[in-house]
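The values are calculated or read from the model by the stated rules, or taken from the named source; none is laboratory data. Fair warning: this is a prediction, and the values are worked out from it, not measured in the lab. Note: ideal-geometry Cβ built from the backbone for every residue, glycine included; neighbour counts use all protein chains shown. These accessible areas exclude ligands, DNA and RNA; they are computed on the full protein's heavy atoms, side chains included. Shrake-Rupley method; radii C 1.70, N 1.55, O 1.52, S 1.80 Å.
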Amino acid sequence: MLIREATFTVDLGEHGYLIGFDDDYDFPPEMPFGWRCGPATEAIAVVLPTTDTGPLQMTVQVHDGPPGPEPDDGWEPAEEMSLLADAPTLYLATIGQGDFWDAWPEEQPPLETPPPAADSGGWVRMRLYCHVDDPKPGIGDHGERHLVQLWPAPQMPPVHPDISEADRQARADYAADRARTLEEYAATYPYPYGDQAN
């Protein structure tokens with residue numbers, strides 16, 4: 001049964017968004033290229049929209065048990081994953097260039113964790129549906145909307161589509177970039193100072 005629903009618009013910030021039950025945000029060790037969502041931590045999912053920078057209409061639903069499948073309304077196949085509900089409140093943040101912005105609307109009351117089931121172990125299942133009018137990635141309004149459904153359930157394996165070799169390479173490239181040290185990103189340039197060059 002549906003307990004609560006919130007619908008609002010999020011302004012995205014270049015790298016998707018984080019959603020889950022913790023506000024200790026950081027870039028995930030792996031980006032889920034080829035999927036719409038993947039784990040950032042046990043309690044947080046990272047979601048990769050089509051829209052680069054622009055509006056996204058989001059609906060978040062809390063259920064007391066698994067909801068039935070959504071009727072075909074142009075939705076992509078649903079993806080699912082488990083999140084550990086460490087905190088009682090759902091957090092939402094957009095990911096920008098090296099920073100995170102809280103994105104839960106001020107006019108919306110906080111959304112609480114679904115009531116725990118006896119056998120859930122504190123885990124919540126997240127199902128994500130996505131739709132986009134313009135599937136070419138880019139800036140601006142792509143008519144993108146996401147439906148996030150949450151309900152208490154024991155931890156289970158995720159549900160995602162198969163990924164391509166290009167997705168595997170993108171994941172490897174991201175992991176390699178994450179492994180680089182700050183010094184590897186920095187460069188030193190000589191500059192003249194008076195009659196000397198440093």
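Observations
- Screening residue 86 with (1) in contact with a Gly (Cβ under 8 Å, 6 or more places away or on another chain); (2) under 17 Å from residue 149 (Cβ atoms) gives one miss only, at (2).
- Test: residue in the stretch 73-80 that is more than 22 Å from residue 8 (Cβ to Cβ), in a strand (DSSP E or B) and out of contact with any Asp or Glu (no Cβ under 9 Å at 6 or more places or on another chain): yes
- Checking each residue of the stretch 53-67 against the condition of being of a type in the set (A, V, I, L, M, F, W, C) and either part of a loop (DSSP other than H, G, I, E, B) or open to solvent by 60 Å² or more (accessible area, probe 1.4 Å) (or both) gives no match.
- Residues satisfying the stated conditions in the stretch 68-119, i.e. within 22 Å of residue 161 (Cα to Cα), surrounded by 15 or more Cβ atoms within 10 Å (Cβ to Cβ) and of a type in the set (Gly, Ala, Ser): 78, 82
- Residues of the stretch 78-93 classified as modelled with pLDDT of 95 or more and not aliphatic (A, V, I, L, M), total: 4
- Residues being of a type in the set (Val, Ile, Thr), open to solvent by 50 Å² or more (accessible area, probe 1.4 Å), touching a residue at least 24 places away in the same chain (Cβ under 8 Å) and in a loop (DSSP other than H, G, I, E, B) - total across the stretch 1-52: 0
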